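This report refers to the structure that appears directly beneath it.
Coordinate-derived values only; no laboratory data. Everything numeric here is computed off the predicted structure, so don't read it as measured data. Note that each Cβ is placed from the backbone with ideal geometry, even for glycine, and that neighbours are counted across all protein chains shown.
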Amino acid sequence: MLEIRGIAKTFNPGTLNEVRALQGVDLTIQEGSFVVVIGTNGSGKSTLLNAVAGTFLVDTGAIRLAGTDVTRWPEHRRATLIGRVFQNPFSGTAPHMSIAENLSLAARRGRRRGLGWSLPRIFTDQLGEHVRRLSMGLEGRLDNAIGSLSGGQRQALTLLMATWLKPQLLLLDEHTAALDPKSADQVIRLSEEIVSRDRLTTLMVTHSMQQATSLGDRLIMMHRGRVLHDLQGSEKRRLRVDDLLARFEEVRRGELLDETAADMLKQTYV
Amino acid sequence: MTLLIGAWTIGLILSLLALGVFISFRIFDFPDITTEGSITLGATIAATLLVVGVSPAWATVAGFCGGAVAGATTGILHTKFKIHGLLSGILVMTALYSINLRIMGKSNVPLLSEVTLATRAEQLAASLLGGAANFNVFGWEVGVRDGAMFVFSLLFIALVGVLLYAFFRTNLGTAMRAAGDNAQMIKALGANVDHMIIGGLALANGLVALAGALLAQYQGFADVQMGIGMVVWGLASVIIGEALIGSPSLGLTIVGAVMGSILFRLLVAIALRAGLDPNDLKLITATFVFLALILPNLLASLKSNNARVTNA
Ligand SMILES: Nc1ncnc2c1ncn2[C@@H]1O[C@H](COP(=O)(O)OP(=O)(O)O)[C@@H](O)[C@H]1O
Ligand SMILES: [Mg+2]
């Protein structure tokens, strides 16, 4: 279970580049829940995931994960509880190391790394089976460097790595946005499969209305560093792409209103 | 032949330097200038301890440890105090200059009558050979002292190479390589990248200091100036090794660094014999590394230019 209490984050505070990326987010995600996050560009979706993963520490608020307060934990420590797939396929794997070595690193996520062999027989023997399930044709290439793989293959592997040890929380940040439609489809199907098989508590950001409506049991829409809508249960199940588009349109009109209001103020006072 | 076998031996000893540079520059992509201070530190510690009667083995180990502490210091400056990597190395290197002078109490410590690893190797060889003054290495007649040190260095470097290879195949070593390859990824997998960098630089500079400790015992002195230019020297060896091997495989890269170091030293010995002014050596080495660094890009842009011309 993930509990987020009133977290806020301002980048470059007190400068011209000040960005109030999170302005008080409250969110409780039940164990096993699959939450889809949508929102306009720059609304703070990635910042929310980064705050949970510990890429930076939040200015205010608290984050509890699996019953532990992790608010002050550094990123690598939170990784004992969290599995993660990034938007950029280059971010999640070590390009000059082999598929097998990358997986061996994932197999020790959050554990002590000592002087035991990283690729003992007992481990490499089970690799092929796991990799075959990705249906990416990688089972025969375990000794190849990751650098030679396509974006889709990398994301599939990163997904396998993030979930190799069952995480308390899986974070997916637009992890199919950089892929061609076919690979994106494959990776999304894999994600769904793994999440439902292991009943993973998941927070997935997506830009695809299609994915937002068909996946997950809850949807939150972010806007300007806040949660604007939170749909669960039957409301989420009934949700169609058109409904979502309507909500985005609403946000856009709100923005326009804001702008006209600002213009009016300017004209009156400046 | 004595000169050439000497070049082989020094090439072997300095391959420890090459391996250290390989770890910091190639594995961690960290331009570590500490190297110039830590090779001298290794020599200084070993020589000073030998003079006060410590056994050669322990003096050598102490040299390694000194280098490891220096490397860890650079790593801490960089990770904990957020000082630029290059500057962290420069700070530690500069500090080491004074430290080395303090340790020796003067700028040069000769090892004339002290028992060193070189004299130990010589004694052992002499007793094995039953007192002959010369023996045969790969068909060359060489003096016992030179031959013994050559064989000793060869075995020692082989051992270090195997240990290093094994280490980088362990969970810790693999995580270190990953920290150099993709820090964001290994952080997301729960490893403390700061610790990896500190440990990696400690290992790298430990090896460099080991080279210094062996070099002092082979040459018979430690000198506060002996580290100058050693980073470029090590880089040249690594680059030659990569050209010789042309493979990204870990084991072969380690072998390549050793081969590169030996080949480079042989080239230098031959060039010096052909009349090259020793004072020009560092200029030539720097030019060589410069060319090796820009050549791949230059060739690639030439190729793409040609392609454009033919396409037009
Ligand atoms: N590390 C950072 N430094 C400065 N500004 C940032 C940083 N990360 C995000 N931002 C800013 O915060 C806002 C929210 O960004 P983000 O969470 O990435 O949006 P999105 O919802 O598109 O993922 C944006 O205006 C972005 O420019
Ligand atoms: Mg984003």
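For the residues A:I38, B:I76, what sequence is obtained by ranking on other C-beta atoms within 10 Å, fewest first?
Final ranking by Cβ density, sparse to dense: B:I76, A:I38.
If we count other beta carbons within 10 Å of each Cβ, what is the order of B:H195, A:H175, fewest first?
Fewest-to-most Cβ neighbours within 10 Å comes out as B:H195, A:H175.
For A:T60, what residues show an amide H to amide H distance below 5 Å, using hydrogens built from the backbone and excluding near sequence neighbours?
Under 5 Å from the amide H of A:T60: A:A8.
Which value, in debye to the nearest 20, gives the size of the charge dipole of segment A:2-239 about its Cα centre, when Lys and Arg are +1 and Asp and Glu are -1 at the Cβ?
In debye, rounded to 20, segment A:2-239 gives about 380.
Given a cut-off of under 8 Å on Cα pairs at least six residues apart, what relative contact order in percent is computed for segment B:2-276?
The normalised contact order for segment B:2-276 reaches 40 percent.
Work out the length of the dipole vector of the protein assembly as shown about its Cα centre, built from +1 on the beta-carbon of each Lys and Arg and -1 on the beta-carbon of each Asp and Glu, and round it to the nearest 20 debye.
Dipole about the Cα centre, nearest 20: 700 debye.
Compute the relative contact order of segment B:206-312 as a whole-number percentage, counting only Cα pairs closer than 8 Å that sit 6 or more residues apart in sequence.
It comes to 23 percent, rounded to a whole number.
Rounded if a/c is under 1.5, else prolate if a/b is larger than b/c, else oblate: which is segment B:245-312, with a ≥ b ≥ c the root eigenvalues of its Cα gyration tensor?
oblate
Among B:W233, B:W8, which comes first, second and so on when ranked by fewest other beta-carbon atoms within 10 Å?
B:W8, B:W233
Ignore the peptide's own chain and count Cβ atoms of other chains within 10 Å of each Cβ in A:128-137; give me the average, rounded.
Neighbouring Cβ atoms belonging to other protein chains average 0 per residue here.
Provide the per-residue ³J(HN,Hα) series for segment A:84-91, in order, calculated from phi with Karplus coefficients 6.51, -1.76, 1.60 and θ = phi - 60°, each as a whole number of Hz, with x at glycine and proline positions.
Result, ordered by residue: 9, 10, 8, 5, 7, x, 7, 6 Hz.
Would you look at the GNM of chain B, springs on alpha carbons closer than 10 Å, and say which of B:L291, B:L17, B:L252 moves the most?
B:L291
For peptide A:105-114, compute the average count of partner chain beta-carbon atoms within 10 Å of each residue's beta-carbon.
6
Send over the Kirkwood Rh of segment A:17-66, from the inverse of the averaged 1/r over different Cα pairs, rounded to one decimal Å.
For segment A:17-66, inverting the mean 1/r across all distinct Cα pairs yields 12.3 Å.
Determine the relative contact order of segment B:107-213: mean sequence separation of Cα pairs under 8 Å and six or more apart, normalised by residue count, in whole percent.
14 percent
Could you run the Karplus curve 6.51 cos²θ - 1.76 cosθ + 1.60 with θ = phi - 60° over segment A:42-56 and give me ³J(HN,Hα) per residue in whole Hz, x for Gly and Pro?
Per residue, the Karplus-derived 3J(HN,Hα) values read x, 7, x, 5, 5, 4, 4, 5, 5, 4, 5, 6, x, 4, 9 Hz.
About the Cα centre of chain B, what is the dipole size in debye to 20, counting +1 per Lys and Arg Cβ and -1 per Asp and Glu Cβ, all else neutral?
520 debye
When Cβ neighbours within 10 Å are restricted to other protein chains, what is their mean count per residue of peptide A:144-151?
That average works out to 1.
Per residue of segment B:188-202, in order, report the coupling 6.51 cos²θ - 1.76 cosθ + 1.60 (Karplus, θ = phi - 60°) as ³J(HN,Hα) in whole Hz, putting x for Gly and Pro.
5, 9, x, 9, 7, 4, 4, 5, 4, 5, 4, x, x, 5, 4
Taking the C-alpha atoms of segment B:1-59, how large are the radius of gyration and the largest Cα-Cα span, Dmax, in Å?
14.4, 40
Specify which residue in the list A:T55, A:G216, A:I38 is farthest towards the positive end of the charge dipole of chain A, using unit charges on the beta carbon of Lys, Arg (+1) and Asp, Glu (-1), about the Cα centre.
Farthest along the dipole direction, towards plus: A:T55.
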